[in-house]
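Peer 1: One structure follows; several queries about it will come next.
The values are calculated or read from the model by the stated rules, or taken from the named source; none is laboratory data. Given the structure is predicted, the values throughout are model-derived calculations rather than measurements. All Cβ positions, glycine included, derive from the backbone under ideal geometry; neighbour counts span all protein chains shown. The area values use the complete protein model at the heavy-atom level, side chains included, leaving out ligands, DNA and RNA. Shrake-Rupley method; radii C 1.70, N 1.55, O 1.52, S 1.80 Å.
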Amino acid sequence: MTKDKRDSKEIAAVKGTKDILPEEVGQWQAVEAAGRRVFELYGYRELRAPIIEPTELFEKGTGQTSDIVIKEMYTFTDKGGRSITLRPEYTPSVVRAILEHRLYLQPDPLRFYYMGPMFRYDKPQKGRYRQFHQVDIEVFGEKDAAIDAEIVEMADRLLRELGVAGTEILVNSVGCRACRPAYLKELRNRAAAVKDRLCDDCKRKAETNPLRIFDCKVEGCKEAAAGFPAITDHLCAECSGHFAEFKSGLDLYGLAHEVEPRLVRGIDYYTKTTFEVVASSLGAQSAVLGGGRYDDMMKDFGGPDLCGIGFAMGVERLLAVAGLKPEKKPFAYLAYMGGAAKKPGMELARRLRAAGVECLIEYKDKGLKAQLGRASKLGAAWVVIIGEEEVRKGLCAVKSMATGEQRDASPDDVVKIIRG
Ligand code: AMP
(Lines give C-alpha, C1' and ligand atoms only; values in the text may rest on other atoms or scores of the structure.)
Protein backbone atom coordinates (compact mmCIF):
# COMPACT_ATOMS: atom_id res chain seq x y z
CA MET A 1 0.00 0.00 0.00
CA THR A 2 1.40 3.41 -0.90
CA LYS A 3 1.52 6.06 1.78
CA ASP A 4 -1.20 8.07 0.03
CA LYS A 5 -3.60 5.12 -0.08
CA ARG A 6 -2.98 4.34 3.55
CA ASP A 7 -3.67 7.94 4.53
CA SER A 8 -6.92 8.08 2.59
CA LYS A 9 -8.33 4.86 4.11
CA GLU A 10 -11.68 5.55 5.72
CA ILE A 11 -11.71 5.53 9.49
CA ALA A 12 -14.59 3.38 10.69
CA ALA A 13 -16.35 3.37 14.07
CA VAL A 14 -14.74 1.11 16.66
CA LYS A 15 -15.92 -2.52 16.46
CA GLY A 16 -19.04 -3.10 18.51
CA THR A 17 -20.04 0.58 18.49
CA LYS A 18 -22.60 2.31 16.29
CA ASP A 19 -23.54 5.78 15.17
CA ILE A 20 -27.11 6.71 15.96
CA LEU A 21 -28.04 8.66 12.87
CA PRO A 22 -30.59 11.49 12.68
CA GLU A 23 -33.13 9.20 10.98
CA GLU A 24 -33.07 6.84 13.99
CA VAL A 25 -32.59 9.34 16.76
CA GLY A 26 -36.32 10.13 17.01
CA GLN A 27 -36.88 6.64 18.40
CA TRP A 28 -34.15 7.12 20.98
CA GLN A 29 -35.62 10.43 22.05
CA ALA A 30 -39.06 8.80 22.32
CA VAL A 31 -37.64 6.12 24.65
CA GLU A 32 -35.86 8.71 26.75
CA ALA A 33 -38.93 10.96 26.98
CA ALA A 34 -41.18 8.02 27.92
CA GLY A 35 -38.62 6.85 30.49
CA ARG A 36 -38.45 10.26 32.14
CA ARG A 37 -42.23 10.60 32.19
CA VAL A 38 -42.90 7.14 33.60
CA PHE A 39 -40.10 7.15 36.19
CA GLU A 40 -41.01 10.59 37.48
CA LEU A 41 -44.60 9.38 37.96
CA TYR A 42 -43.19 6.96 40.51
CA GLY A 43 -41.06 9.57 42.30
CA TYR A 44 -37.69 8.90 40.63
CA ARG A 45 -35.21 11.66 39.81
CA GLU A 46 -32.32 11.67 37.40
CA LEU A 47 -28.80 11.18 38.72
CA ARG A 48 -26.02 11.64 36.16
CA ALA A 49 -22.71 10.09 37.14
CA PRO A 50 -19.49 10.22 35.06
CA ILE A 51 -18.78 7.68 32.35
CA ILE A 52 -15.33 6.96 33.77
CA GLU A 53 -14.86 5.64 37.29
CA PRO A 54 -12.01 4.19 39.36
CA THR A 55 -11.55 0.56 38.27
CA GLU A 56 -11.83 -0.68 41.85
CA LEU A 57 -15.44 0.57 41.98
CA PHE A 58 -16.52 -2.20 39.62
CA GLU A 59 -14.10 -4.79 41.01
CA LYS A 60 -15.70 -4.25 44.38
CA GLY A 61 -19.26 -3.58 43.22
CA THR A 62 -19.92 -5.73 40.16
CA GLY A 63 -17.79 -8.47 41.68
CA GLN A 64 -14.56 -10.36 41.13
CA THR A 65 -16.26 -13.45 39.72
CA SER A 66 -18.50 -11.74 37.18
CA ASP A 67 -17.59 -12.01 33.48
CA ILE A 68 -17.97 -8.24 33.30
CA VAL A 69 -15.04 -7.69 35.64
CA ILE A 70 -12.96 -10.69 34.57
CA LYS A 71 -13.17 -10.21 30.83
CA GLU A 72 -15.16 -7.24 29.68
CA MET A 73 -13.96 -4.00 31.22
CA TYR A 74 -12.50 -1.17 29.19
CA THR A 75 -9.71 -0.27 31.58
CA PHE A 76 -6.79 2.03 31.05
CA THR A 77 -4.18 3.87 33.06
CA ASP A 78 -4.56 7.63 32.82
CA LYS A 79 -1.70 10.11 32.65
CA GLY A 80 -1.71 10.36 36.42
CA GLY A 81 -1.14 6.59 36.74
CA ARG A 82 -4.69 5.85 37.96
CA SER A 83 -6.58 2.80 36.76
CA ILE A 84 -9.76 4.07 35.12
CA THR A 85 -12.66 2.05 33.67
CA LEU A 86 -15.39 3.05 31.25
CA ARG A 87 -18.43 1.99 33.27
CA PRO A 88 -19.78 -1.44 32.25
CA GLU A 89 -22.94 -0.91 34.35
CA TYR A 90 -24.47 1.85 36.39
CA THR A 91 -25.34 0.55 39.87
CA PRO A 92 -21.87 0.91 41.47
CA SER A 93 -21.69 4.53 40.23
CA VAL A 94 -24.99 5.37 41.93
CA VAL A 95 -23.86 3.76 45.17
CA ARG A 96 -20.61 5.73 45.00
CA ALA A 97 -22.48 8.99 44.30
CA ILE A 98 -24.91 8.42 47.19
CA LEU A 99 -22.04 7.81 49.59
CA GLU A 100 -19.86 10.62 48.24
CA HIS A 101 -22.66 13.19 48.55
CA ARG A 102 -24.27 11.64 51.67
CA LEU A 103 -27.58 11.61 49.82
CA TYR A 104 -28.97 9.23 52.45
CA LEU A 105 -28.95 12.11 54.94
CA GLN A 106 -31.40 14.10 52.80
CA PRO A 107 -35.16 13.71 53.11
CA ASP A 108 -35.70 12.89 49.42
CA PRO A 109 -36.46 9.26 48.59
CA LEU A 110 -33.44 7.46 47.20
CA ARG A 111 -34.98 6.67 43.82
CA PHE A 112 -32.91 7.46 40.79
CA TYR A 113 -32.97 6.95 37.06
CA TYR A 114 -30.37 7.40 34.39
CA MET A 115 -29.95 6.90 30.65
CA GLY A 116 -26.63 6.60 28.91
CA PRO A 117 -23.90 4.50 27.35
CA MET A 118 -22.22 1.50 29.02
CA PHE A 119 -19.11 -0.31 27.78
CA ARG A 120 -18.30 -4.01 27.77
CA TYR A 121 -15.55 -5.69 25.78
CA ASP A 122 -17.67 -8.65 24.76
CA LYS A 123 -17.86 -10.43 21.39
CA PRO A 124 -20.14 -8.22 19.28
CA GLN A 125 -23.20 -9.91 17.79
CA LYS A 126 -26.85 -9.08 17.20
CA GLY A 127 -28.12 -7.45 20.39
CA ARG A 128 -24.68 -7.30 21.96
CA TYR A 129 -22.41 -4.32 21.49
CA ARG A 130 -19.31 -2.90 23.10
CA GLN A 131 -20.89 0.48 23.58
CA PHE A 132 -24.57 0.01 24.31
CA HIS A 133 -27.12 2.14 26.09
CA GLN A 134 -29.12 1.51 29.20
CA VAL A 135 -32.09 3.07 30.87
CA ASP A 136 -31.48 2.35 34.50
CA ILE A 137 -33.37 2.81 37.78
CA GLU A 138 -32.27 2.23 41.36
CA VAL A 139 -34.10 2.41 44.71
CA PHE A 140 -32.44 2.36 48.12
CA GLY A 141 -33.77 1.78 51.61
CA GLU A 142 -36.92 -0.17 50.67
CA LYS A 143 -36.84 -3.69 52.13
CA ASP A 144 -40.46 -4.53 51.44
CA ALA A 145 -41.04 -6.85 48.48
CA ALA A 146 -43.81 -4.47 47.38
CA ILE A 147 -41.09 -2.28 45.81
CA ASP A 148 -39.74 -5.29 43.89
CA ALA A 149 -43.21 -5.75 42.36
CA GLU A 150 -43.62 -2.00 41.84
CA ILE A 151 -40.44 -1.65 39.78
CA VAL A 152 -41.44 -4.59 37.58
CA GLU A 153 -44.83 -2.93 37.10
CA MET A 154 -43.05 0.34 36.26
CA ALA A 155 -40.84 -1.44 33.71
CA ASP A 156 -43.92 -3.09 32.24
CA ARG A 157 -45.71 0.26 31.98
CA LEU A 158 -42.76 1.73 30.10
CA LEU A 159 -42.63 -1.24 27.72
CA ARG A 160 -46.40 -0.98 27.05
CA GLU A 161 -46.08 2.77 26.41
CA LEU A 162 -43.39 2.05 23.88
CA GLY A 163 -45.54 -0.48 22.07
CA VAL A 164 -43.57 -3.55 23.15
CA ALA A 165 -45.56 -6.77 22.96
CA GLY A 166 -44.70 -10.45 23.25
CA THR A 167 -42.51 -10.19 26.33
CA GLU A 168 -42.33 -12.52 29.29
CA ILE A 169 -41.41 -11.78 32.90
CA LEU A 170 -39.00 -14.25 34.51
CA VAL A 171 -38.40 -14.08 38.26
CA ASN A 172 -36.20 -15.78 40.81
CA SER A 173 -34.71 -15.37 44.26
CA VAL A 174 -30.99 -15.97 44.70
CA GLY A 175 -31.18 -15.97 48.51
CA CYS A 176 -29.02 -14.02 50.91
CA ARG A 177 -25.83 -14.34 52.92
CA ALA A 178 -27.69 -16.56 55.39
CA CYS A 179 -29.03 -19.20 53.00
CA ARG A 180 -26.81 -19.03 49.93
CA PRO A 181 -23.56 -20.48 51.35
CA ALA A 182 -25.16 -23.89 52.03
CA TYR A 183 -26.69 -23.89 48.56
CA LEU A 184 -23.35 -22.91 46.98
CA LYS A 185 -21.65 -25.73 48.85
CA GLU A 186 -24.09 -28.23 47.42
CA LEU A 187 -23.77 -26.67 43.97
CA ARG A 188 -19.98 -26.88 44.17
CA ASN A 189 -20.20 -30.61 44.96
CA ARG A 190 -22.62 -31.18 42.11
CA ALA A 191 -20.48 -29.16 39.70
CA ALA A 192 -17.36 -31.07 40.77
CA ALA A 193 -19.16 -34.36 40.01
CA VAL A 194 -19.84 -33.28 36.39
CA LYS A 195 -16.65 -31.26 35.88
CA ASP A 196 -15.66 -33.26 32.78
CA ARG A 197 -18.80 -32.08 31.00
CA LEU A 198 -18.14 -28.40 31.68
CA CYS A 199 -16.29 -25.91 29.48
CA ASP A 200 -12.97 -24.53 30.77
CA ASP A 201 -14.67 -21.35 31.90
CA CYS A 202 -17.23 -23.27 33.95
CA LYS A 203 -14.54 -25.53 35.42
CA ARG A 204 -13.12 -22.34 36.92
CA LYS A 205 -16.58 -21.10 37.93
CA ALA A 206 -17.21 -24.44 39.68
CA GLU A 207 -14.54 -23.38 42.16
CA THR A 208 -14.96 -19.60 42.28
CA ASN A 209 -18.72 -19.08 42.04
CA PRO A 210 -20.72 -22.08 40.76
CA LEU A 211 -23.85 -19.89 40.41
CA ARG A 212 -22.16 -18.38 37.35
CA ILE A 213 -22.42 -21.78 35.56
CA PHE A 214 -26.12 -20.99 35.08
CA ASP A 215 -25.10 -18.01 32.90
CA CYS A 216 -23.10 -20.18 30.47
CA LYS A 217 -24.53 -20.54 26.97
CA VAL A 218 -22.47 -23.66 26.04
CA GLU A 219 -24.90 -26.55 25.38
CA GLY A 220 -22.95 -29.12 27.46
CA CYS A 221 -22.85 -26.76 30.45
CA LYS A 222 -26.56 -25.96 30.08
CA GLU A 223 -27.36 -29.68 30.07
CA ALA A 224 -25.16 -30.32 33.11
CA ALA A 225 -26.66 -27.35 34.97
CA ALA A 226 -30.19 -28.56 34.25
CA GLY A 227 -29.61 -31.32 36.81
CA PHE A 228 -28.34 -28.96 39.52
CA PRO A 229 -30.58 -28.24 42.52
CA ALA A 230 -32.81 -25.17 42.34
CA ILE A 231 -31.96 -22.27 44.63
CA THR A 232 -35.66 -21.66 45.24
CA ASP A 233 -35.69 -24.97 47.18
CA HIS A 234 -32.89 -23.73 49.46
CA LEU A 235 -34.10 -20.31 50.56
CA CYS A 236 -34.25 -19.35 54.23
CA ALA A 237 -37.63 -18.41 55.72
CA GLU A 238 -36.98 -14.70 55.23
CA CYS A 239 -35.99 -15.04 51.57
CA SER A 240 -38.81 -17.41 50.68
CA GLY A 241 -41.33 -15.13 52.43
CA HIS A 242 -39.94 -12.14 50.54
CA PHE A 243 -40.12 -14.04 47.25
CA ALA A 244 -43.74 -15.03 47.92
CA GLU A 245 -44.61 -11.38 48.66
CA PHE A 246 -42.89 -10.26 45.47
CA LYS A 247 -44.89 -12.74 43.40
CA SER A 248 -48.14 -11.81 45.08
CA GLY A 249 -47.40 -8.14 44.27
CA LEU A 250 -47.01 -9.10 40.61
CA ASP A 251 -50.34 -10.96 40.82
CA LEU A 252 -51.95 -7.84 42.27
CA TYR A 253 -50.80 -5.89 39.21
CA GLY A 254 -51.99 -8.66 36.92
CA LEU A 255 -48.46 -9.32 35.66
CA ALA A 256 -48.04 -12.92 34.50
CA HIS A 257 -44.61 -14.26 35.44
CA GLU A 258 -42.64 -17.45 35.42
CA VAL A 259 -40.27 -18.62 38.14
CA GLU A 260 -36.91 -19.45 36.55
CA PRO A 261 -34.61 -20.86 39.26
CA ARG A 262 -31.61 -20.59 36.94
CA LEU A 263 -32.00 -16.83 36.59
CA VAL A 264 -28.93 -15.74 38.56
CA ARG A 265 -27.85 -12.94 36.21
CA GLY A 266 -24.21 -12.23 35.50
CA ILE A 267 -23.38 -9.97 38.42
CA ASP A 268 -22.13 -10.99 41.85
CA TYR A 269 -24.04 -8.64 44.11
CA TYR A 270 -27.63 -9.86 43.78
CA THR A 271 -29.53 -10.96 46.86
CA LYS A 272 -33.12 -12.23 46.97
CA THR A 273 -35.04 -10.97 43.90
CA THR A 274 -33.72 -11.25 40.36
CA PHE A 275 -35.87 -10.76 37.28
CA GLU A 276 -35.74 -10.30 33.55
CA VAL A 277 -38.15 -9.28 30.85
CA VAL A 278 -37.38 -11.36 27.77
CA ALA A 279 -38.62 -11.24 24.20
CA SER A 280 -38.12 -14.49 22.31
CA SER A 281 -38.25 -12.55 19.03
CA LEU A 282 -34.80 -11.15 19.92
CA GLY A 283 -33.10 -14.55 19.51
CA ALA A 284 -30.07 -15.48 21.62
CA GLN A 285 -29.79 -12.08 23.36
CA SER A 286 -33.39 -12.09 24.50
CA ALA A 287 -33.28 -10.03 27.72
CA VAL A 288 -34.74 -6.58 27.13
CA LEU A 289 -34.16 -5.68 30.75
CA GLY A 290 -32.92 -7.27 33.91
CA GLY A 291 -32.48 -6.40 37.51
CA GLY A 292 -32.64 -7.44 41.09
CA ARG A 293 -31.90 -6.67 44.68
CA TYR A 294 -28.49 -5.87 46.14
CA ASP A 295 -29.10 -5.52 49.84
CA ASP A 296 -25.46 -5.67 50.93
CA MET A 297 -23.76 -3.38 48.43
CA MET A 298 -24.03 -0.05 50.23
CA LYS A 299 -22.86 -1.63 53.47
CA ASP A 300 -19.99 -3.39 51.68
CA PHE A 301 -18.84 -0.01 50.39
CA GLY A 302 -18.59 1.18 53.98
CA GLY A 303 -21.89 3.07 53.87
CA PRO A 304 -25.07 2.73 55.89
CA ASP A 305 -26.99 -0.54 55.90
CA LEU A 306 -29.35 0.46 53.10
CA CYS A 307 -30.74 -2.22 50.84
CA GLY A 308 -31.08 -1.57 47.11
CA ILE A 309 -32.92 -2.77 44.06
CA GLY A 310 -32.95 -1.75 40.41
CA PHE A 311 -33.07 -2.73 36.79
CA ALA A 312 -31.38 -1.80 33.54
CA MET A 313 -33.06 -1.86 30.17
CA GLY A 314 -30.97 -2.18 27.00
CA VAL A 315 -32.11 0.53 24.59
CA GLU A 316 -30.82 -1.24 21.44
CA ARG A 317 -32.79 -4.37 22.33
CA LEU A 318 -35.79 -2.34 23.37
CA LEU A 319 -35.87 -0.57 20.01
CA ALA A 320 -35.68 -3.91 18.24
CA VAL A 321 -39.02 -4.90 19.81
CA ALA A 322 -40.72 -1.51 20.28
CA GLY A 323 -43.40 -0.41 17.86
CA LEU A 324 -42.09 3.15 17.61
CA LYS A 325 -42.75 5.31 14.60
CA PRO A 326 -42.05 8.85 15.75
CA GLU A 327 -44.04 11.41 13.79
CA LYS A 328 -42.16 13.90 11.66
CA LYS A 329 -42.74 17.38 13.05
CA PRO A 330 -44.20 19.89 10.56
CA PHE A 331 -41.70 22.56 9.55
CA ALA A 332 -41.50 25.59 7.29
CA TYR A 333 -38.97 26.01 4.50
CA LEU A 334 -38.07 29.63 3.96
CA ALA A 335 -37.14 30.40 0.36
CA TYR A 336 -35.66 33.84 -0.24
CA MET A 337 -35.06 34.99 -3.77
CA GLY A 338 -32.38 37.50 -4.61
CA GLY A 339 -29.85 39.31 -2.42
CA ALA A 340 -32.29 42.01 -1.25
CA ALA A 341 -34.60 39.34 0.22
CA LYS A 342 -31.91 37.51 2.17
CA LYS A 343 -31.83 39.66 5.31
CA PRO A 344 -35.64 40.06 5.55
CA GLY A 345 -35.78 36.27 5.08
CA MET A 346 -33.32 35.71 7.92
CA GLU A 347 -35.34 38.05 10.12
CA LEU A 348 -38.62 36.30 9.30
CA ALA A 349 -37.07 32.90 10.03
CA ARG A 350 -35.99 34.23 13.42
CA ARG A 351 -39.56 35.36 14.16
CA LEU A 352 -40.96 31.98 13.16
CA ARG A 353 -38.52 30.16 15.41
CA ALA A 354 -39.21 32.54 18.28
CA ALA A 355 -42.87 31.61 17.85
CA GLY A 356 -41.96 27.93 18.10
CA VAL A 357 -42.14 27.09 14.39
CA GLU A 358 -39.29 24.97 13.02
CA CYS A 359 -37.90 26.87 10.04
CA LEU A 360 -35.15 25.92 7.63
CA ILE A 361 -33.30 28.28 5.28
CA GLU A 362 -30.63 26.98 2.96
CA TYR A 363 -28.29 29.80 2.00
CA LYS A 364 -27.76 28.80 -1.57
CA ASP A 365 -28.85 31.33 -4.13
CA LYS A 366 -31.32 29.03 -5.94
CA GLY A 367 -34.41 29.82 -7.98
CA LEU A 368 -37.96 29.35 -6.69
CA LYS A 369 -38.56 26.11 -8.58
CA ALA A 370 -35.42 24.52 -7.19
CA GLN A 371 -36.27 25.66 -3.65
CA LEU A 372 -39.86 24.37 -3.89
CA GLY A 373 -38.41 21.07 -5.09
CA ARG A 374 -36.09 20.93 -2.06
CA ALA A 375 -38.94 21.80 0.33
CA SER A 376 -41.09 19.06 -1.13
CA LYS A 377 -38.27 16.51 -1.01
CA LEU A 378 -37.54 17.35 2.63
CA GLY A 379 -41.23 17.03 3.52
CA ALA A 380 -41.80 20.68 4.56
CA ALA A 381 -45.38 21.47 5.61
CA TRP A 382 -45.13 25.07 4.41
CA VAL A 383 -42.92 27.13 2.17
CA VAL A 384 -42.54 30.78 3.02
CA ILE A 385 -41.45 32.68 -0.08
CA ILE A 386 -39.85 36.05 0.15
CA GLY A 387 -38.60 37.84 -3.00
CA GLU A 388 -37.46 41.36 -3.76
CA GLU A 389 -40.99 42.33 -4.84
CA GLU A 390 -42.45 41.02 -1.56
CA VAL A 391 -39.81 42.90 0.42
CA ARG A 392 -40.90 46.14 -1.26
CA LYS A 393 -44.52 45.47 -0.32
CA GLY A 394 -43.69 44.28 3.19
CA LEU A 395 -45.29 40.92 2.43
CA CYS A 396 -44.33 37.35 1.77
CA ALA A 397 -46.11 34.32 0.34
CA VAL A 398 -47.05 31.20 2.35
CA LYS A 399 -47.68 27.98 0.53
CA SER A 400 -49.22 24.96 2.18
CA MET A 401 -47.49 21.91 0.75
CA ALA A 402 -50.45 19.71 1.72
CA THR A 403 -53.09 21.65 -0.24
CA GLY A 404 -50.91 23.60 -2.68
CA GLU A 405 -52.77 26.76 -1.62
CA GLN A 406 -50.66 29.91 -1.62
CA ARG A 407 -51.43 33.35 -0.24
CA ASP A 408 -49.73 36.64 0.47
CA ALA A 409 -49.40 37.65 4.10
CA SER A 410 -47.59 40.07 6.36
CA PRO A 411 -44.81 38.59 8.55
CA ASP A 412 -47.18 38.68 11.58
CA ASP A 413 -49.83 36.79 9.66
CA VAL A 414 -47.32 34.21 8.42
CA VAL A 415 -46.68 33.21 12.00
CA LYS A 416 -50.44 33.03 12.70
CA ILE A 417 -51.21 31.04 9.55
CA ILE A 418 -48.48 28.49 10.22
CA ARG A 419 -49.31 28.08 13.92
CA GLY A 420 -52.93 27.53 12.89
P1 AMP B 1 -27.12 -6.22 32.71
O2 AMP B 1 -26.51 -4.89 33.09
O3 AMP B 1 -26.11 -7.22 32.25
O4 AMP B 1 -28.03 -6.71 33.76
O5 AMP B 1 -28.01 -5.95 31.42
C6 AMP B 1 -29.21 -5.23 31.45
C7 AMP B 1 -29.70 -5.06 30.04
O8 AMP B 1 -28.75 -4.32 29.28
C9 AMP B 1 -29.84 -6.37 29.26
O10 AMP B 1 -31.08 -6.94 29.50
C11 AMP B 1 -29.69 -5.90 27.84
O12 AMP B 1 -30.92 -5.40 27.33
C13 AMP B 1 -28.72 -4.78 27.95
N14 AMP B 1 -27.34 -5.22 27.63
C15 AMP B 1 -26.43 -5.79 28.44
N16 AMP B 1 -25.26 -6.00 27.81
C17 AMP B 1 -25.43 -5.57 26.54
C18 AMP B 1 -24.60 -5.50 25.38
N19 AMP B 1 -23.33 -5.91 25.41
N20 AMP B 1 -25.12 -4.98 24.24
C21 AMP B 1 -26.41 -4.54 24.20
N22 AMP B 1 -27.24 -4.56 25.26
C23 AMP B 1 -26.77 -5.07 26.42
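Peer 1: Explain nothing, just the number: relative contact order of segment 265-321, from Cα pairs under 8 Å at least 6 residues apart, as a whole percent.
Peer 2: Contact order relative to length: 31 percent.
Peer 1: Then there is this: Please report, in debye to the nearest 20, how large the charge dipole of the chain is about its Cα centre when each Lys and Arg carries +1 at its beta carbon and each Asp and Glu carries -1 there.
Peer 2: 1560
Peer 1: Counting alpha carbon pairs within less than 8 Å and at least 6 residues apart, what relative contact order, in whole percent, applies to the chain? Before the final figure, lay out the partial values.
Peer 2: Details: 700 pairs, mean separation 62.6, N = 420.
The value is 15 percent.
Peer 1: Could you work out how much longer the chain between E32 and Q406 gets when fully extended? Use 0.36 nm per residue separation minus the Cα distance between them, nm to one decimal.
Peer 2: Values: separation 374, 0.36 × 374 = 134.64 nm, distance 3.84 nm.
Answer, rounded to one decimal: 130.8 nm.
Peer 1: Still on this structure, I have one more. Report H101's accessible area, 1.4 Å probe, all protein chains in place, as a number in Å² to the nearest 10.
Peer 2: H101 exposes around 110 Å² with every protein chain in place.
Peer 1: Report the charge-dipole magnitude of segment 194-308 in Debye, nearest 20, computed about the Cα centre from +1 at each Lys and Arg Cβ and -1 at each Asp and Glu Cβ. All intermediate terms of the calculation are to be shown ahead of the outcome.
Peer 2: Values: 14 positive and 19 negative charges, 59 e Å.
Dipole magnitude for segment 194-308 comes out near 280 debye.
Peer 1: So for E89, E100, what's the accessible-area order with a 1.4 Å probe, most first?
Peer 2: Sorted by accessible area, descending: E100, E89.
Peer 1: With a 1.4 Å probe and all protein chains left in place, how much accessible area per residue does segment 332-419 have, in Å²?
Peer 2: 56
Peer 1: Determine the order of F301, F275, F214 by accessible area, beginning with the largest, at a probe radius of 1.4 Å.
Peer 2: Listed by decreasing accessible area, they come as F301, F214, F275.
Peer 1: Ignoring solvent entirely, what values of log10 I(q)/I(0) come out of the Debye formula for the chain at 0.07, 0.08, 0.11, 0.13 Å⁻¹ when each Cα is a single scatterer?
Peer 2: For the requested q values the scattering log ratios are -0.48, -0.60, -0.90, -1.10.
Peer 1: Would segment 82-162 count as rounded, prolate or oblate if I go by the C-alpha gyration tensor, calling it rounded below 1.5 in a/c and otherwise prolate when a/b exceeds b/c, oblate otherwise? Mind dumping the intermediate values first?
Peer 2: Values: a/c = 2.70, a/b = 1.21, b/c = 2.24.
Verdict is oblate for segment 82-162.
Peer 1: Could you name the aspartates and glutamates whose alpha carbon sits less than 16 Å from that of K399, not counting residues in the same chain fewer than 8 places away?
Peer 2: E358, E390, D408, D412, D413
Peer 1: Let me ask you something else. S281: accessible area at probe 1.4 Å, nearest 10 Å²?
Peer 2: Near enough 90 Å² of accessible area.
Peer 1: In addition: Lys and Arg at +1, Asp and Glu at -1: add these up for the other residues within a Cβ distance under 12 Å of F112 and post the number.
Peer 2: Once all neighbours under 12 Å are counted, the net charge is -2.
Peer 1: Which percent of the accessible area of segment 217-280 is formed by carbon and sulfur heavy atoms (probe 1.4 angstrom)?
Peer 2: Heavy-atom surface of segment 217-280 belonging to carbon and sulfur, 1.4 Å probe: 50 percent.
Peer 1: A further question on this structure: Hey, with R₀ at 45 Å, roughly what FRET efficiency would S248 and N189 work out to, going by the Cβ-Cβ distance, to 0.05?
Peer 2: E(calc), rounded to 0.05, equals 0.85.
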